[in-house]
1. Can you give me the three principal axis dimensions of segment 150-214 from its C-alpha atoms, in Å, biggest first?
2. Stokes-Einstein diffusion coefficient for the chain at 20 °C in a medium of 1.002 mPa s, Rh from the Kirkwood formula over Cα pairs: what value in µm²/s?
3. Just to confirm, what accessible area per residue do you get for the chain at 1.4 Å probe, in whole Å²?
4. With the cut-off at 1.5 for a/c, could you classify segment 39-127 from its C-alpha gyration tensor as rounded, prolate or oblate?
5. Using alpha-carbon pairs under 8 Å, 6+ residues apart, how would you state the relative contact order of segment 154-222 in percent?
6. When you count, for each residue, the other Cβ atoms within 10 Å and take the mean per peptide, how do 66-72, 36-42, 107-113 rank with the highest first?
Amino acid sequence: MSIGPTVRRRRLGTELRRLRENHSLKLEEAADRLGLAASTLSRIETGKAPTRTAYLMTMFEMYGVDDQGQRQVLIEMAREGHRKGWWAAYDDVLPTGFGIYVGLEAEAAALRVFEDQVVHGLLQTEAYARAVMGAVRRRPIATHVDRLVELRMTRQAALTREEDPLRLWLILDESVLLREFGGPDIMRGQLEHLHEASQLPNVTLQVLPFSSGVHPALGSPQ
């Protein structure tokens, strides 16, 4: 599958941090030489923000990147990192930072998840998703809910894409199957959808029963 902007930015950031640390430069020192705030350079190195070519060229000089092949690879990563993914169209309704998760999910080869409250978004029906969003939001705005549901349904295409569909291993706590959202008809549709999705060769769906007792995913009171 093609590598998108989120993964490109993270790979570039990881490499830039490695180069900086190999030259024993602190984050603040490198940022000062670039004329950037330390927080901005940190966002570049963690893949949360793209970087400009001018900054990249200065980093090459600071970090002693003389190999033209290596430079070109990093420049291409930076260029790809500026490209917006399809999920950018929903930035106006996405919770802060969630766009990064959606980007990684869209570009991932495999995903392993445990859910103990609701069905994971990749296996929700439209009706169930709408019921969940209406229940957990204090003052749901209809247009925002519509767009968030649309985003959630679009995310699910990763499971059925023709080339390298996402491999999902999902474990649901038994309580998820018993917690009703939207009424019996919606829950019936959701349970039927889970059964259908579990037949996909790239989906592994398991239920953690109450009878299992204490398990590692349990939290503890502070």
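1. Principal extents (Cα only, largest first): 39, 28, 19 Å.
2. Taking Rh from Cα pairs, D becomes 106 µm²/s.
3. Working: 13080 Å² over 222 residues.
Per residue, the chain has an accessible area of 59 Å².
4. Values: a/c = 2.79, a/b = 2.43, b/c = 1.15.
Verdict is prolate for segment 39-127.
5. Values: 45 pairs, mean separation 27.3, N = 69.
It rounds to 40 percent for segment 154-222.
6. Working: 66-72: 10.1, 36-42: 16.0, 107-113: 13.0.
Result, highest mean Cβ count within 10 Å first: 36-42, 107-113, 66-72.
The values are calculated or read from the model by the stated rules, or taken from the named source; none is laboratory data. Since this is a predicted model, take the numbers as computed values, not measurements. Every residue, glycine among them, receives a Cβ derived from its backbone with ideal geometry; neighbour counts consider all protein chains shown. Only protein heavy atoms, including side chains, enter the accessible area calculation; ligands, DNA and RNA are left aside. Shrake-Rupley method; radii C 1.70, N 1.55, O 1.52, S 1.80 Å.
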